[in-house]
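Structure, as structure tokens:
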């Protein structure tokens, strides 16, 4: 079956998820005449929104480039993609927890929020690794499959590297929340680097017309 | 009229519905410093979310494959598809009822929530059966209509089988909620099997290029 | 400029609006153990949801078929379409008012809710009339423009007929809410008939390949 | 990489954002039997909704026409587009602040709401300027790049003009809210004029088939 509708459907879910994240910006309770202070006190929502917007945005870019190499889909890939989208939509929830916990400045709650964020991110990266493994054994679904080995060699372990960063983040959060938060940020930055590596690899091998 | 925009529109509704389901994850009321416990107590929301995400996901896959066999649409099919999408978006509501009722652990409410879930699922399966019947008498709308009989023979009663499971589930729920819940799950799993049967049938008959 | 992205964008707005309507189904306040009664008391939400789902659905079908006759767009048509989409998204609000007012059973409020519903519907039909007039003087944007007059003759006043029904409904609501409600329903049914007339006209004239 | 999916994804975000704006229309708290007055008192929500709907609508039209001149994308343009979409989705929040502050009629809050609105609009216009600069140095990504200079000369500074209007608005708001509000409106109208200039330029140069 052709890949087009799978891509369009996935793009739709990404676009909706990105835009839904903004719904976390709710009017604060405020004393009339002091709206400004109440809004500025909501900076953790903005921070969490930015973190998740660019995380989901990077995931979209990655998904976009990765599936551009695929020409056909089958039911296994359909299911795998659905599970991946499920895990990605979940990120909405830890994002809310994070903005709430940081706003309330309670250390235990912040730790829990970061832990759940890292957990979801870890599952997402793990599923990307499953996707890489699946495509490696179903090279017939890909465009230019003769170049697959060469293309795949350099980037095959990127999802595992990502998983590793989030595992370290999960441990780090329990000892020091700031270190843990930075590790999560590092994980997201690494995702972005992995996207750039994938993107350049595709251009180098002219995998897409 | 060409089928493309009908497919794109339906895909859009499915993508939005799937992503909206995540909005049921609202921040719990919690004692500051005990966010973790409050979130963990929300497991029924996660369970209901997973149930409905994969149910709607399977419905999308099914809809996707089924409409891939269709080359043209007319106003009757447009209306039928609209009614089908209406019934599918309704699933959002019993999903909320289910997560609320399970969280409150009241048997009568859980029974009611499962009953309404099974009812909506039954209507959806019933409408798929109407769609099957409609396409059987409008074979001129299909791709490769000469293969239609052969293709259709094996799977024509799948929606009715689905309806039957949900009827049994509806009865079962009134006597034993756990049995009823398992029957609903079975109905969803059967949906998935019906999708696999459809998908393999399409590949076998090379109905799609 | 090509019409494709305008169509896709409009389809997106319709798909999202249709699916957002379901968000009005919120969990009722209920006494634990009596969820069923509380849900059943929410029937006005279901009724309002059905009314608006099929109204917006019909508007989509209509928009879909109408724009299928158009091959190019320009900035005036872009703006006109944007204003039309604006009016259509507004329907979300009277839908909420309606379900609330009917649930509270207050006659003055029900009258106000139906009035605002009819008002929005009237504006939508009025804008369709503007669209018809606009296309009549920009026939160069259409497919098969040589058949335009012939095609257009029978259906050119359908939007005005629609406006008339909603004007009568607006007056009727002030005297008798039930009559007014039936007139709104009649307006929506007429929309549907207008869609069928458009759809058959297109098939008759083979305006679309 | 081809531009199609980037366009479709961006269109999706615009369509969702436009439609989500309507969710700010929540049922007012009202005395039963006085729904009408409560709804009419919500006019600031309608005003803010109209302002933002047509602002985002114009941004979409602009984005639509601008990207129709581009034939390929690369990772830098992907990122730039993502940042632009981020800034545009943010507009949802000042829209809520605005309707709330105007409804409460507190001058300090209204000033703050307009300030945040102008700030987001300023960032959006600034990002369009970055996009213009980026495309000027990556003309190989464009269709008909030989006409680029000629096409670009007249409109290259439109985003900067927009930024200037919003800077003046930001200053104006601090002295006189009404003047500031009119300047924001002027900024949005100028956006629309810039869109018309772009649109006519494209038609004049036949940049799109």
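Regarding residue B:42, is this residue touching a residue at least 60 places away in the same chain (Cβ under 8 Å) and over 30 Å from residue A:77 (Cβ atoms)?
On the way: touching a residue at least 60 places away in the same chain (Cβ under 8 Å): yes; over 30 Å from residue A:77 (Cβ atoms): yes.
It is true that residue B:42 is touching a residue at least 60 places away in the same chain (Cβ under 8 Å) and over 30 Å from residue A:77 (Cβ atoms).
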Is it true that some residue in segment B:117-133 is crowded, with 21+ Cβ neighbours inside 10 Å, more than 14 Å from chain C (Cβ to nearest Cβ) and more than 18 Å from the chain's Cα centre (by Cα)? no
Residue check, residue C:56 in contact with a helix residue (DSSP H, G or I) (Cβ under 6 Å, 6 or more places away or on another chain), free of Cβ contacts under 8 Å to residues at least 60 places away in the same chain and within 30 Å of residue C:138 (Cβ to Cβ): yes
Looking at segment D:59-82, can you tell me whether even one residue there is free of Cβ contacts under 8 Å to residues at least 40 places away in the same chain and within 26 Å of residue C:83 (Cβ to Cβ)? no
Do you know which residues across segment B:171-191 are crowded, with 17+ Cβ neighbours inside 10 Å and within 14 Å of another protein chain (Cβ to nearest Cβ)? B:173, B:177, B:188, B:191
Taking segment B:66-109 as the region of interest, how many residues are surrounded by 22 or more Cβ atoms within 10 Å (Cβ to Cβ), more than 8 Å from chain C (Cβ to nearest Cβ) and either closer than 16 Å to residue C:28 by Cβ or in contact with a strand residue (DSSP E or B) (Cβ under 6 Å, 6 or more places away or on another chain) (or both)? 5
On the given criteria, is residue D:194 surrounded by 15 or more Cβ atoms within 10 Å (Cβ to Cβ) and out of contact with any strand residue (DSSP E or B) (no Cβ under 7 Å at 6 or more places or on another chain)? yes
Sort through C:46, C:61 and tell me the only one that's surrounded by 21 or more Cβ atoms within 10 Å (Cβ to Cβ) and within 9 Å of another protein chain (Cβ to nearest Cβ). C:61
Taking segment C:1-13 on its own, how many of its residues are in contact (Cβ under 8 Å) with a residue 24 or more places away in the chain and at the interface with another protein chain (Cβ under 7 Å from one of its Cβ atoms)? 4
Those residues that are facing chain B (nearest Cβ under 7 Å), without any contact (Cβ under 8 Å) to a residue 12 or more places away in the chain and surrounded by fewer than 23 Cβ atoms within 10 Å (Cβ to Cβ), I need them from segment C:24-38; list them, please. C:27, C:32, C:33, C:36
Sole exception among (1) within 14 Å of chain B (Cβ to nearest Cβ); (2) modelled with pLDDT under 90 for residue C:53, by number: (2)
Restricting segment D:136-179 to residues that are in a loop (DSSP other than H, G, I, E, B) and within 21 Å of the chain's Cα centre (by Cα), the one modelled with the lowest pLDDT turns out to be D:156
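The values are calculated or read from the model by the stated rules, or taken from the named source; none is laboratory data. Just so it is clear, the structure is predicted and the values come from calculations on it, not from any experiment. Cβ: placed from backbone, ideal geometry, glycine included. Neighbour counts: every protein chain shown.
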